[in-house]
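Participant: Sending over a structure as structure tokens; questions will come in a sec.
The values are calculated or read from the model by the stated rules, or taken from the named source; none is laboratory data. Predicted, not measured: the structure shown is a model, and the values here were computed from it. So basically every Cβ, Gly included, is an ideal-geometry build from the backbone, and we count neighbours across all protein chains shown.
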2 protein chains.
Amino acid sequence: MPTINRQWLLAARPTTRLTREHFTFAETPLPDLADGRALVAVRYLSLDPTNRGWANATATYLPPIPLGEVMRGIALGVVEQSRLATLPVGTLVQGMFGWQSHVVTDGRHLTRIDPVPGLPLDACFGLFGHIGATAYFGLIDITHPKPGETLVVSAAAGAVGSLVGQIGKILGCRVIGIAGTDDKCAWITRDLGFDEAINYRTEKVAHRLRDLCPDGVDIYFDNVGGEILDAVLGQIALRARISLCGLISHYNDAVPPPGPRYLGNLLIKRARIEGFIVLDYASRFPEAMQALGKWYMEGRLKYRVDVVEGLEHAPDALNRLFDGANTGKLLVKVS
Amino acid sequence: MPTINRQWLLAARPTTRLTREHFTFAETPLPDLADGRALVAVRYLSLDPTNRGWANATATYLPPIPLGEVMRGIALGVVEQSRLATLPVGTLVQGMFGWQSHVVTDGRHLTRIDPVPGLPLDACFGLFGHIGATAYFGLIDITHPKPGETLVVSAAAGAVGSLVGQIGKILGCRVIGIAGTDDKCAWITRDLGFDEAINYRTEKVAHRLRDLCPDGVDIYFDNVGGEILDAVLGQIALRARISLCGLISHYNDAVPPPGPRYLGNLLIKRARIEGFIVLDYASRFPEAMQALGKWYMEGRLKYRVDVVEGLEHAPDALNRLFDGANTGKLLVKVS
């Protein structure tokens, strides 16, 4: 049985990037397990762009992480030791376990995971869980896609974006993905079935959108904000819907940058931008999981994971998201 | 019978303000009235912020006005001469008659106005027509106000804003108006029943909103865009709705200015911004007119008109909107 918990404690507030210097790596003795408690060994830690905002001194949609506490993070683990009847050893569980190798739980605030035969464990983050729900509800509930509509997705080779585009295709949309390398563009068009891809680092997004969407963009699923949001706003169709899922281009700025110049197009085009937070859909997760599972089994949905080995690399790994270095869902393999 | 039509013809495209230099004032002989036509003498010309965008070379929600043509404008007139059975002399009509003293009509593309006893003619623009419909649908359809919610309105002493705030009060909201002079602030709070007013020229809007709305802004009806939109975005409540009616702070800019920095709050607060154009509600205008008329008769709704005498002053009068010089609905009395 383990006796040591390895933990990344938040030690300082970042003003730009969140890096190794803002953390302390601690090795803390694990207490003897009290009655009614179980010890979970973390297998995978999910790294998400939203983690950056959680480290700020001001609240986002969650309160700030107090300095000195374990860095917050969604993780998947297995019960290794138990004095809690409802969580026998071997149970797979998911929850806000944080950046640490172990967590002691009283069984509340976690989700039991039933392994699906034939599906690897990383599907819990690559396809299901908060990522799948974000793509599913953020696209369907916020934008109500109709067959034949043109859907544009940014961060299209990321965890959420890659699912959004594929769901868009399943729902009959024409899908254009925006990503940052030719390899990513090739992956989303050749492997995932996107109709078109734009490399925002080598191409002018506004010009390409004008060429590719002469009748305008009906739906934009935005993960990035910034100049790309502005380029899409310049090309929206009548009654366009923009789902604001993330603004990764802003997260490392001490002061938010100025917003889009083409906001006035919302008016001219009777369009809307709506933000959402996937936590609000928790009670409806089963609906998303059922649909995603069915599509996956039918071979209509693919996912990719980008796994960094070792909890000790978590801070560096997080910045792969901001460098655009990852393709698919970024995970840390903890044990 | 008149023989001369006085007209403001658009002669050049504005890059900043639309002024007298962009027009030619023409005195054109009126043709003999053909069979099936009626001659309307314009009484009131409505001046609206959106007129500025209509003069651009690029389409807004309407095609550009061709150079050399009469400047587009909504107006109210009376049939002065008729060879059209459906429009007898004396009929009051409203339509896109333009900046001219007379218009010849075949009876299409206009609305007959039935004078309401006890209500002056200027109520057609001050309370009813496109102004009333803009306030009514832009508030109710776009934001779905609930009793007890906090509603903020910009350009609150303007034609639309002053009605929006009063409708908000009727629907049970707490209403805060933002305007540019102490007189306007006094008018909306003392005469119109707004709960609070902020003078954006002498007060810090963001600070005042923080003090006045500790629980956040539930609804923002925006007529102005720019810094005020940003200040409100910084203070929105969970699930806030922003109705984008106008962006008067941008209309004289050759290039749209950068947008709001606090767009990310849409995400954190699960909020939305939605633009609308009142023309889309044409088929539902009677619903708005009925509600507004009833509230007016009950003494729950007031309006004010700001009348400039003489068609020759139309270009200068238009810029009263951009100077914030008008209170209530800006009209030109043509005859």
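Participant: Scan segment A:92-145 residue by residue and report those that are farther than 20 Å from A:Glu309 by Cα, outside the structural domain of A:Gly246 (by TED's automatic domain parsing) and among the hydroxyl-bearing types (Ser, Thr, Tyr).
Facilitator: A:Thr105, A:Thr111
Participant: Another one. Do we have any residue at all in segment A:213-236 that's hydroxyl-bearing (Ser, Thr, Tyr) and within 13 Å of chain B (Cβ to nearest Cβ)?
Facilitator: No, there is no match, as no residue in segment A:213-236 is hydroxyl-bearing (Ser, Thr, Tyr) and within 13 Å of chain B (Cβ to nearest Cβ).
Participant: A follow-up question, please. Determine which single condition A:Asp316 fails, assuming it passes every other condition in (1) farther than 19 Å from A:Ala133 by Cα; (2) among the acidic types (Asp, Glu); (3) within 14 Å of chain B (Cβ to nearest Cβ).
Facilitator: (3)
Participant: If we keep just the residues of segment A:222-251 that are part of a helix (DSSP H, G or I) and among the aliphatic types (A, V, I, L, M), which is farthest from A:Ala179 (Cα to Cα)?
Facilitator: A:Leu233
Participant: For B:Leu267, all conditions in the list (1) at the interface with chain A (Cβ under 7 Å from one of its Cβ atoms); (2) of a type outside the set (Phe, Trp, Tyr); (3) out of contact with any Phe, Trp or Tyr (no Cβ under 8 Å at 6 or more places or on another chain); (4) not in a loop (DSSP other than H, G, I, E, B) hold save one; what is the number of the exception?
Facilitator: If we test B:Leu267 against (1) at the interface with chain A (Cβ under 7 Å from one of its Cβ atoms); (2) of a type outside the set (Phe, Trp, Tyr); (3) out of contact with any Phe, Trp or Tyr (no Cβ under 8 Å at 6 or more places or on another chain); (4) not in a loop (DSSP other than H, G, I, E, B), just (3) comes out false.
Participant: Something else now. Can you pull out every residue in segment B:163-174 that is farther than 22 Å from B:Lys184 by Cβ and either buried (at least 24 other Cβ atoms within 10 Å of the Cβ) or in contact with a Gly (Cβ under 6 Å, 6 or more places away or on another chain) (or both)?
Facilitator: none
Participant: Looking at the structure I just gave you, is A:Leu318 of a type outside the set (Phe, Trp, Tyr), under 30 Å from A:Asn252 (Cα atoms), surrounded by 15 or more Cβ atoms within 10 Å (Cβ to Cβ) and within 13 Å of the chain's Cα centre (by Cα)?
Facilitator: Judged against the criteria, A:Leu318 is a match.
Participant: Related question: Do the conditions hold for A:Ala282, that is, is it assigned to a helix (DSSP H, G or I), modelled with pLDDT of 95 or more and more than 10 Å from every other protein chain (Cβ to nearest Cβ)?
Facilitator: Considered against the rule, which asks whether it is assigned to a helix (DSSP H, G or I), modelled with pLDDT of 95 or more and more than 10 Å from every other protein chain (Cβ to nearest Cβ), A:Ala282 comes out as no.
Participant: Every residue in segment B:63-89 that is touching a Phe, Trp or Tyr at 6+ places or on another chain (Cβ under 6 Å) and within 30 Å of A:Gly234 (Cβ to Cβ), please.
Facilitator: Residues satisfying the conditions are B:Ile65, B:Met71, B:Arg72, B:Gly73.
Participant: Going through segment B:252-264 one residue at a time, which ones are surrounded by 24 or more Cβ atoms within 10 Å (Cβ to Cβ) and either in a loop (DSSP other than H, G, I, E, B) or more than 8 Å from chain A (Cβ to nearest Cβ) (or both)?
Facilitator: Within segment B:252-264, B:Pro260 is the sole residue that qualifies.
Participant: Could you list all residues from segment A:175-197 that are more than 19 Å from A:Gly299 (Cα to Cα) and either assigned to a strand (DSSP E or B) or within 16 Å of the chain's Cα centre (by Cα) (or both)?
Facilitator: Scanning segment A:175-197 gives A:Ile176, A:Gly177, A:Ile178, A:Ala179, A:Glu196, A:Ala197.
To keep it simple, each residue is scored yes or no on (1) surrounded by fewer than 18 Cβ atoms within 10 Å (Cβ to Cβ); (2) in contact with a Pro (Cβ under 8 Å, 6 or more places away or on another chain); (3) closer than 20 Å to B:Arg272 by Cβ.
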{"site": "B:Lys146", "(1), (2), (3)": "yes, no, yes"}
{"site": "B:Thr150", "(1), (2), (3)": "no, no, yes"}
{"site": "B:Gly161", "(1), (2), (3)": "no, no, no"}
{"site": "B:Val205", "(1), (2), (3)": "no, no, no"}
{"site": "B:Asp222", "(1), (2), (3)": "no, no, yes"}
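Participant: Among the candidates B:Pro117, B:Pro63, B:Pro31, which residue alone is without any contact (Cβ under 8 Å) to a residue 40 or more places away in the chain, farther than 27 Å from B:Leu18 by Cβ, surrounded by fewer than 17 Cβ atoms within 10 Å (Cβ to Cβ) and over 18 Å from the mean Cα position of the chain (by Cα)?
Facilitator: B:Pro117
Participant: When only residues in segment B:270-279 that are over 24 Å from B:Arg17 (Cβ atoms) and at the interface with chain A (Cβ under 7 Å from one of its Cβ atoms) count, which is surrounded by the most Cβ atoms within 10 Å (Cβ to Cβ)?
Facilitator: Here the residue is B:Ile273.
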